[in-house]
1. Which one of these does residue 52 not meet: (1) away from the ligand (no atom under 16 Å from the Cβ); (2) surrounded by 12 or more Cβ atoms within 10 Å (Cβ to Cβ)?
2. Residues in segment 175-198: is at least one surrounded by fewer than 17 Cβ atoms within 10 Å (Cβ to Cβ), within 15 Å of the ligand (Cβ to nearest atom) and farther than 17 Å from residue 63 by Cβ?
3. Cβ contacts < 7 Å: first residue free of Cβ contacts under 8 Å to residues at least 12 places away in the same chain, restricted to segment 11-38; second residue assigned to a loop (DSSP other than H, G, I, E, B), any location; separation 6+ or different chain. Result?
4. Restricting the search to segment 199-216, which residues are assigned to a loop (DSSP other than H, G, I, E, B) and more than 12 Å from the ligand (Cβ to nearest atom)?
5. Condition first: farther than 22 Å from residue 48 by Cα and free of Cβ contacts under 8 Å to residues at least 24 places away in the same chain. Can you find one or more residues in segment 120-137 that meet it?
6. Could you tell me whether segment 146-162 includes any residue that is within 20 Å of the chain's Cα centre (by Cα) and assigned to a strand (DSSP E or B)?
7. Run residue 192 past the list (1) assigned to a strand (DSSP E or B); (2) in contact with a helix residue (DSSP H, G or I) (Cβ under 7 Å, 6 or more places away or on another chain) and report the number of the one that doesn't hold.
8. Could you tell me whether residue 101 is modelled with pLDDT under 95, over 24 Å from residue 207 (Cβ atoms), within 16 Å of the ligand (Cβ to nearest atom) and surrounded by fewer than 12 Cβ atoms within 10 Å (Cβ to Cβ)?
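The values are calculated or read from the model by the stated rules, or taken from the named source; none is laboratory data. Just so it is clear, the model here is predicted, and its values are computed rather than measured. Cβ placement follows ideal geometry from the backbone for every residue including glycine, while neighbour counts extend to all protein chains displayed.
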Ligand SMILES: Cc1cc2nc3c(=O)[nH]c(=O)nc-3n(C[C@H](O)[C@H](O)[C@H](O)COP(=O)(O)O)c2cc1C
């Protein structure tokens with residue numbers, strides 16, 4: 001048994017563990033699941049503003065995500081200016097018209113059919129805020145990242161969860177290709193857009209596709 005802290009060649013700090021009594025653990029997970037199970041991708045937004053501070057806290061939470069070699073290869077551009085949202089929508093719809101009209105394979109279009117999406121993206125203007133998430137690659141002011149996609153994907157998951165538990169709706173939108181976003185968001189070439197996320201309250205009476213989630217038995221294997 002070691003009675004003193006091990007000697008390391010890198011600085012350490014004491015862990016601040018979450019102290020949850022074991023008998024409360026399952027209940028906490030169940031409650032969190034009940035909250036997260038109500039998250040839906042929303043495509044119809046009201047123009048009601050997002051309360052102050054919400055986006056900042058959600059981005060702080062996203063930025064707690066683990067990342068390969070702790071490079072934290074993410075940038076969150078929050079667009080609220082109506083004129084910039086208009087430009088964003090215009091450019092996204094131009095790409096999406098191409099995608100739905102020419103670039104998407106029949107197989108891809110068939111997979112999208114039950115969701116009912118098309119080239120029109122009114123949510124990019126209706127939603128009071130649009131968060132464009134960029135992967136930050138190696139550049140003059142940024143180190144080489146590792147597992148960039150995985151790291152940014154986890155951060156986006158935390159962002160969606162934080163906004164959802166605050167009562168805000170989101171849409172994980174991935175226009176293809178996304179290079180136009182560098183110009184609209186004034187970001188350098190080493191930053192590559194990965195997600196466009198409208199944030200706001202759902203429009204009154206908003207409806208969502210009738211989708212089912214896989215049951216635990218279908219997604220989990222115990223060995
Ligand atoms: C990586 C990723 C990309 C997505 N891209 C789009 C998109 O471009 N447009 C869209 O309307 N929905 C998009 N979605 C949302 C999915 O269609 C949605 O999550 C799925 O239909 C399940 O619905 P739910 O989020 O309401 O559970 C995307 C989701 C993910 C995770």
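1. Here residue 52 clears every test but (2).
2. Yes: one or more hits.
3. If the second residue must be assigned to a loop (DSSP other than H, G, I, E, B), the pairs left are 28/20.
4. Scanning segment 199-216 gives 201, 203, 204, 205, 215.
5. no
6. Checked against the condition, which is being within 20 Å of the chain's Cα centre (by Cα) and assigned to a strand (DSSP E or B), segment 146-162 yields at least one hit.
7. Tallying (1) assigned to a strand (DSSP E or B); (2) in contact with a helix residue (DSSP H, G or I) (Cβ under 7 Å, 6 or more places away or on another chain), residue 192 fails exactly one: (2).
8. For residue 101, the condition - modelled with pLDDT under 95, over 24 Å from residue 207 (Cβ atoms), within 16 Å of the ligand (Cβ to nearest atom) and surrounded by fewer than 12 Cβ atoms within 10 Å (Cβ to Cβ) - is met.
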